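Derivation of every value follows stated rules applied to the coordinates shown; laboratory data play no part. All figures in this text were calculated on a predicted structure; none of them were measured in a lab. We place every Cβ from the backbone using ideal geometry, glycine too, and count neighbours over all the protein chains shown.
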Amino acid sequence: MKKFVSKMLAGALGLSMLCGVAAAEGETYVSWYTFGDVYLSSVRTALDAAMEAKGLTVVDKDSNANQQTQTDDINTALVTGANAVVVNMVESGAIGTAETLMNAIKEKDVPAVFFNRAVSTDNNEAAELFKGYEKSAFIGTDFTQAGIMQGKMIGEYVLEHFDEIDLNHDGKISYVMFKGDEANQEAIARTKYGVECADEVLTAAGKPALEFYDASNANKYLVDLNGTWSNTASFDYMQTILAQYNEANNNMVEVVICNNDDMAIGVVIGAAFGKITTSIVNDIIMPLIGLLTGGIDLAKWNILLNSAAVEAGADPVTLGIGNLLAVILDFIIVAFAMFLLVKGMNKLASLKKKEEEPAPEEEPKPTSEDLLTEIRDLLKEQQK
């Protein structure tokens, strides 16, 4: 709790520092690691409103998840007269990059607030960085503490609802972990302690530790290959996972752990969407196809390969054509839905980008003097 309060005080200090430059000429420059993060988008809206209410002129800049872009943009802002800099680091935990940015800011003697994404893998090292410049502050969580809290909450919930969560009644809980950004310190801590501390709670109560659903995955987590925390990635993963790990195969995924809200949304939609597509295929499409093919139950449409051997008492060997057809239809529906989803998201992103682009400057309208000069010149030409 003390650490949490200290972070809140640091936040208040950071805001007061920024408000102290409100009357000065120049702009408060806010550098975001990406505009594409759903959580940070809500933070950006709230932060802009709060700073503008204090009289600050705010300039938001998207680094597009590229540290070099962020570094270059901040240096340009400092050269062009920014009176304060707010930084949401691209490279989480990169103390060397944070020191480079801090030195450039310190040289211009303007206030600096770093927030949300850790500047170092070591909290003490980060504290020394901000002690070195009195006009700087960091606003964020203790990522190790946050991971421990997450793990204890998971462990306590699973322990309280163990029998309900154990869907296949094998006495074990199978889980999947969506890590998020591979190099992000918060994601690393939540992934590590989110399971370790949950296991401590469970084993202390005599229950088995959580088991990762895929024994072949040595990392025991899944990441967004695009390096973000997107719901699209978790949605895609859930479609693949649920197709292989389900009640029919008796190897169900029983707990899904997501390190941020956006990925959790993707999981919920993915799980629900899987049920919807399965129902559409099994309850609507397959019966209609069966009707067109003379009442054949396609779900049970199998081709027997060893009929002679079966007559002699051997086990049947069949090709599950009907099941294959159902899976293919499932895939087509999901792929089409994802196509529409991505297309819609790209359209929204394009519209948002257009809204954020500055309107083209209008050409200055001619003054009365300009018009009189043009008329005079035309009259002179006609008199020649």
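Summary table
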| item | result |
| --- | --- |
| In Hz, Karplus ³J(HN,Hα) per residue of the range 160-165 (6.51, -1.76, 1.60; θ = phi - 60°; x = Gly, Pro) | 5, 10, 3, 5, 5, 6 |
| Simple spin-label estimate for Ile269 and Thr240 in nanometres, 7 Å along Cα-Cβ | 1.8 nm |
| Distance between the range 175-232 and the range 64-101 - C-alpha centres, whole angstrom | 30 Å |
| Coil-residue GluC sites (Glu not before Pro) of the range 114-163, DSSP, other Cβ within 10 Å capped at 16 | Glu134 |
| Entries in Lys106/Lys343; Lys54/Lys108; Lys179/Lys343 that, when Cα-Cα distance is taken, lie over 32 Å | Lys106/Lys343 |
| Vicinal HN-Hα couplings computed from phi for the range 48-64 (Karplus, 6.51 cos²θ - 1.76 cosθ + 1.60; Hz; Gly/Pro x) | 4, 5, 5, 6, 5, 5, 8, x, 8, 8, 9, 10, 8, 10, 8, 8, 6 |
| Inter-site label distance for Lys152 and Leu319 at 7 Å from Cα along Cβ, in nm | 5.9 nm |
| Pairwise FRET efficiency - Asp163 versus Glu99, Cβ, R0 = 56 Å, nearest 0.05 | 0.60 |
| Under the Karplus curve 6.51 cos²θ - 1.76 cosθ + 1.60, θ = phi - 60°, whole-Hz ³J(HN,Hα) for the range 188-199, x wherever Gly or Pro sits | 4, 5, 5, 5, 5, 7, x, 9, 4, 6, 5, 5 |
| Estimated FRET transfer efficiency when R0 is 22 angstrom, pair Gln68-Ala218 (beta carbons, to 0.05) | 0.10 |
| R0 of 41 Å, Cβ-Cβ distance Leu304-Glu200: FRET efficiency to nearest 0.05 | 0.20 |
| Within-9-Å neighbourhood charge of Phe143 [Cβ basis; K, R +1; D, E -1] | -1 |
